[in-house]
Amino acid sequence: MARESVFPLNLQIGSVYDDLAKTYDQELCKKVNSNAGTVLIFRIGSLGDTVVALPCFHKVAQSFPKARRIVVTASSASQKAAPVESVVRNSGLIHGAIYFPPPPRDLRDFWALYRCIRQTGATTLVYIADRDLTTTLRDLCFFRACGVRHIIGAPLTRDLRRLRKDPLTGVTEREAQRLARCLSPLGPIDIDDPRMWDLQLLPDELCVADATLAPLRGRDFIVISLGGKDQTKDWGNDNWSALLQIMAAKYSDFGLVFIGSSDEFDRSAVMAARWSGPTLNLCGRLAPRESAAAMRRALFYLGHDSGPMHLATVVGIPCIAVFGPANMSESWHPLGARHQIIHNMESIRRILPDKVLGAVDKMISEISIRKSHKFQWQFNNT
C-alpha cells in the first residue's frame, strides 16, 4: 500500500492558519484517494456519542471516498455502552475498526495498539473526540509515533473544545455543531441536512425490524427507553410507573415498544405490566441499527437522554425526552422543531409525571392533526 502522503502535522493552532490548513487538507484528500490509502478515524464513546458524530463520519467519507476508512476506538466497558462500530458498521462510512481496551491500560495495551496502527500504513487521521487539552496532546504524540503525519480535527484551541453560546439569545450550540467546527478544514458540514444523519440502513436490517414488530399487527405504537449508562439521567421507576398508568387510561389503543440493552429487559417488563394495550419488550433483542430500523415505524419516542433517543432522532421520529443536570441545556438535545424536551437543571427527579403527560397529550394531538391533513389531501387527490 502506498505511503507517500507526507504532510506536516496540522495542529490547527489558530484561525491564522485556517486557509493554509485547508489547502494542506485538500491536497491530502487528493493524495490519499489517488493512492487508495488508509484513513484512520479516532472516535471514542458509546451509542449517543457516535450518532451525534454521524455528520462527521459522512464528511470523512465524502472527503476520502476511495480510501479505506478505519475507526480507532475503545472497547465498551459496560453492556450498556454500544461500541462505535455497532452504529456505523455496514453503512459504507467505515470499512473496519481497531479496538483498544477501556481504562485501566498498561504498556502492553499501548504496544498492541501501536502495532495495529502501524500495520495499516495510515499517515492520515481524523480526530473526532471530546478530550481535554492534555489528553489531546498525548493522543497526538502517540499517533505521531505510530506513523501518522497529518491529523485533522484535533481541538487544540479553547474555542474548539468549548460549546459556543449565542450572546444575544443565550442558546448553546449542539455538540454536533462543535464537532463540525473541528473538521472545518475538510469543508463545511451542514448538520441541518438530513443526508448527513443517514444511517444507511440495509434491507436485511429493515426486514429484521419489521419481522420483530409483526406481533403488533400494524398497530400504531410509541417507543420507550427507560435505560442509559448514566444514572443521573434516570427519571426513576416511580415516575415512569405513574406516567404509564395515567397514559394507559387514555391511550391504550396504542402499542408500547421498549428498546434498550439486555440488562434493561426486566425493568421494562415491570413497566410494560402497567399498560393495558399491546406491548413488545425488545431490550437486548436487537442490535443498535436494527433498533433504529424498528423505531422508524413509531409514532414518537418517549424516554431518557440516551443512545436510543439519538437513534430515534436520526430515523425521523419526534421525541419526548426528559433531561437532568448531566448535560448543559440544548447541547445534547435532539435537533429539530418537532421534539418536546423537558429539562430540569437541578434534578431529573424534579420533573413531575403530569409535566411529561402534557407533552404526550400535545404530541399525540399534533400527530393526529398531521394524519388528518394527510388523509384529507389523499382524499382530495383521488
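The values are calculated or read from the model by the stated rules, or taken from the named source; none is laboratory data. As the structure is a prediction and not an experimental result, all values here were calculated from the model. Here Cβ is always computed from backbone atoms with ideal geometry, including for glycine, and neighbour counts include all displayed protein chains.
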### Query
How many residues does segment 175-204 contain that are surrounded by fewer than 20 Cβ atoms within 10 Å (Cβ to Cβ), under 22 Å from GLU85 (Cβ atoms) and touching a Gly at 6+ places or on another chain (Cβ under 9 Å)?
1
### Message
I'd like to check something: does segment 321-333 contain any residue that is small (Gly, Ala, Ser), closer than 14 Å to ILE222 by Cα and at pLDDT 90 or above?
### Response
yes
### Query
Of all residues in segment 125-160, which are surrounded by fewer than 16 Cβ atoms within 10 Å (Cβ to Cβ) and of a type in the set (A, V, I, L, M)?
LEU133, LEU137, ALA145
### Task
Kindly indicate whether ALA359 is outside any loop (DSSP other than H, G, I, E, B), without any contact (Cβ under 8 Å) to a residue 60 or more places away in the chain and in contact with an Asp or Glu (Cβ under 9 Å, 6 or more places away or on another chain).
no
### Query
If the Cβ limit is 9 Å and pairs must be 6+ apart or interchain, which residue in segment 317-341 that is within 14 Å of SER225 (Cβ to Cβ) pairs with which residue that is surrounded by fewer than 17 Cβ atoms within 10 Å (Cβ to Cβ) and of a type in the set (Gly, Ala, Ser)?
CYS319/GLY336; PHE323/SER329
### Message
Consider segment 345-355. How many of its residues are farther than 16 Å from THR172 by Cβ and either outside the structural domain of LYS233 (by TED's automatic domain parsing) or in a loop (DSSP other than H, G, I, E, B) (or both)?
### Response
4
### Message
Which residue is farthest from ILE94 (Cα to Cα), if the candidates are limited to segment 200-221 and must be touching a Pro at 6+ places or on another chain (Cβ under 9 Å) and among the hydrophobic types (A, V, I, L, M, F, W, C)?
### Response
LEU216
### Query
Does ARG138 count as part of a helix (DSSP H, G or I), under 30 Å from LEU107 (Cα atoms) and charged (D, E, K, R)?
yes
#### Entry: Flag if MET196 is over 24 Å from ILE44 (Cβ atoms) and not polar (S, T, N, Q)
no
